[in-house]
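The block underneath contains the structure these notes are about, expressed in structure tokens.
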Amino acid sequence: MWEDTDLQADLTMGNLASALTLQSDEAALIAELRAGSEEAFAWLIARYHQPIFSLLARTIQDRGDAADLTQEVFVKVFRGVGSFHGESSLRTWIYRIALREASNQRRWWARHKQQEVPIEQEMAEGDSLCPVRLKEMLVDPSESPYDVAVHEENRARVEAALAKVPEPFRTTLILRDIEGFVYEEVAEMQGVNLGTVKSRLVRGRACLKALLTAEASVSGLAPAHAGFEMPLGEEAR
């Protein structure tokens, strides 16, 4: 009994020491960033560039725009770090900036959607004197690294289904189940309370499971594939 108590106390002290070390390291990093350290900012980009890009690519579903927005996020981090006073973790603050940029992008797209040229529109005459649709002119025969990576069946299925989950449930799923943020961090980034986060997760997971089950039924996959057993973070990465 006493051995168990001592072990629990040791674990608690170890966790506390780790937390204090992380806070100290983050405080030192923030100080370096505020001082204009190029090395600190380069480390920050190396650490967060891929996660932020993945988040944006999933929330706005356009990889070109996601790449541009990722750069814009780090520009705003660089410009705004002087006013960051540690009200939240640095990671949470960066993700909040990214979500705001994604939201702004979606609003911009909604306003300008009617001005876009439909991809089915016939644009010009080809060599055979037949009309050529815009989508045929934009075809890129090469595969991107991402396209190669998503050949794995389960990942492709989850990504496709995730793209169909409506907002704000999709973003909540991404933050909690893929990025691994705790409920409190998700609530802070989205500006809602914990109850709303949990409600969105329940509805988002139910929607995703229904989409995967329907897709499995249509494609004739084995019953073992129809359910949603593996954690979303493992499927989507």
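The values are calculated or read from the model by the stated rules, or taken from the named source; none is laboratory data. These figures come from a predicted structure and were not determined experimentally. Note that we place each Cβ from the backbone using ideal geometry, even for glycine, and neighbour counts take in every protein chain shown. We work out accessible area using only protein heavy atoms, side chains counted, and drop any ligands, DNA or RNA first. Shrake-Rupley method; radii C 1.70, N 1.55, O 1.52, S 1.80 Å.
Taking the range 30-77 on its own, how many of its residues are more than 25 Å from ILE174 (Cα to Cα), open to solvent by less than 30 Å² (accessible area, probe 1.4 Å) and in a helix (DSSP H, G or I)? Quick ask: steps written out before the conclusion?
Of all residues in the range 30-77, those more than 25 Å from ILE174 (Cα to Cα) come to 30-42.
Then keep just the ones that are open to solvent by less than 30 Å² (accessible area, probe 1.4 Å); that gives 30, 33, 37, 40.
Imposing the further condition that a residue be in a helix (DSSP H, G or I) reduces the set to 30, 33, 40.
Within the range 30-77, residues that are more than 25 Å from ILE174 (Cα to Cα), open to solvent by less than 30 Å² (accessible area, probe 1.4 Å) and in a helix (DSSP H, G or I) number 3.
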Seminar exercise, completed: The one condition LEU29 fails out of (1) without any contact (Cβ under 8 Å) to a residue 60 or more places away in the chain; (2) more than 30 Å from ALA160 (Cβ to Cβ); (3) touching a Phe, Trp or Tyr at 6+ places or on another chain (Cβ under 9 Å) is (1)
Exercise. Do we find a residue being under 12 Å from the mean Cα position of the chain (by Cα) and in contact (Cβ under 8 Å) with a residue 40 or more places away in the chain anywhere in the range 180-193?
Worked result: yes
